[in-house]
Amino acid sequence: MDFDSIIASITTFLATYGFSIIGAIVIWIVGSWVIKKLMKTVASLMAKKNYDESLQKFLTNLIGWALKIILIITILGILGIPTASFAAILAAAGLAIGLALQGSLANFAGGVLLMIFKPIKIGDLIEAQGEIGVVKEIQIFTTKIITPDNKLVIIPNGTLSNGNIVNYTEEGKIRVDLTFGVGYDSDIKQTKEVLLNVISTGANVLSDPAPTVNVSELADSSVNFAVRPWCKPEHYWDVYFATTENVKLALDKAGIEIPYPHAVEIQKKG
C-alpha cells in the first residue's frame, strides 16, 4: 500500500468516525469531571449526616464505579459499538464471576449490612462466632477484632452478619458476675456486709446501677453468694480480678472461712 492510499484511508476513517471520536473524547472529559464533582458532593452530604467513615468510603467508591460504567457504555454507543451485546456480555461475565465468588459476595453483602445497620462499631467489645474482643476494623469482606490476650481474629462478614452478636459496649455498662462460697457456720448478714463493702468501694465500680450481693445457693459444703458489681466495658477484667482478690482478703480479715477440702491423716495401728 502506497503513501497516497494510506492517506486516503485515514481521511475516509476520519470523515466517517472523526466526529464520533471527538464527541466520545469530549463526553469522557466532561463525564469524568461531573463524576468527580458528584463524588465530592455525595461525600460532603454523608459527612454532614455523620455517616460512618468506612461506610462513606464504600458508598462513594460503589457509586463512582457505577457512574464510570454508565459513562463507558454511553461512549461505546457514541462510537457505534452495539451496547446491547456489550451489556449482555457484561451480564454473563458478572453471572460467571458471581457463581465463582459466592462466598466473597456473601461477605460483601454482610459488610454492607454491618455498615448500614451498625450493630457494631470500631472500639466496641463484642462476642461473636465464639470469639470475644474489641472491634479494630470493619472492612468490606471481613471484620477484625482484638481478643483480651491481644490476638487478632478475622471474622468473615457473611457469617458475622448472619450470626448472633453480643455487644457489651452499646449500653455503656456491664455487670461482672462473681460467686463466692463461705462455710455454713458463717453469719450471713456479716458476710453480705463484707462482700458489699468490697464491691462498693472497689476501683472502677459504678454506683448506678448499684452493686448487689445475694445468697444464690445452699450448696453441699458452702453458702454461695452472687456478687454483682457494675462497671464500664473497658474496666471489666480490672474489676473482675480486683474484686476476686479483695474479697479473699476481706473475708480472711473478718474471720469468715471459705470452705476447702481438708487433708485427713490416717493413722495405721501397729
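Values computed for the structure shown
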{"read-out": "Net +/- balance of residues flanking Ser186 in space, Cβ distance below 13 Å, scoring K and R +1, D and E -1", "value": "-3"}
{"read-out": "Sequence-distant residues sharing a close amide H with Gly181 (under 5 Å, placed H)", "value": "Phe225"}
{"read-out": "Net charge over other residues, Cβ less than 15 angstrom from the Cβ of Trp33 (K, R count +1; D, E count -1)", "value": "+4"}
{"read-out": "Mean Cβ neighbour count within 10 Å, used as a protection proxy, ranking 117-127, 190-200 highest first", "value": "190-200, 117-127"}
{"read-out": "Residue order, fewest to most beta carbons within 10 Å, for Phe141, Phe180", "value": "Phe141, Phe180"}
{"read-out": "In the range 174-253, lysine pairs closer than 18 Å at Cα, eight or more apart or cross-chain", "value": "4"}
{"read-out": "Length gained when the stretch Thr60-Val215 is fully extended (0.36 nm per residue, less Cα-Cα span)", "value": "50.1 nm"}
{"read-out": "Residues of type lysines that Lys37 reaches as a straight line, Cα spacing below 17 Å, ignoring anything fewer than 8 places off in the same chain", "value": "Lys48, Lys57, Lys68"}
{"read-out": "FRET E, pair Lys118, Asp185, Förster distance 41 Å, beta-carbon r, rounded to 0.05", "value": "0.15"}
{"read-out": "Full-extension gain in nm, Ile132 to Trp28, via 0.36 nm per residue minus C-alpha separation", "value": "32.5 nm"}
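Rule-based calculations on the coordinates, nothing more; no lab input. As the structure is a computational prediction, the values presented were derived from the model and not from experiment. Ideal geometry is used to build each Cβ from the backbone, glycine not excepted, and the neighbour counts take in all protein chains shown.
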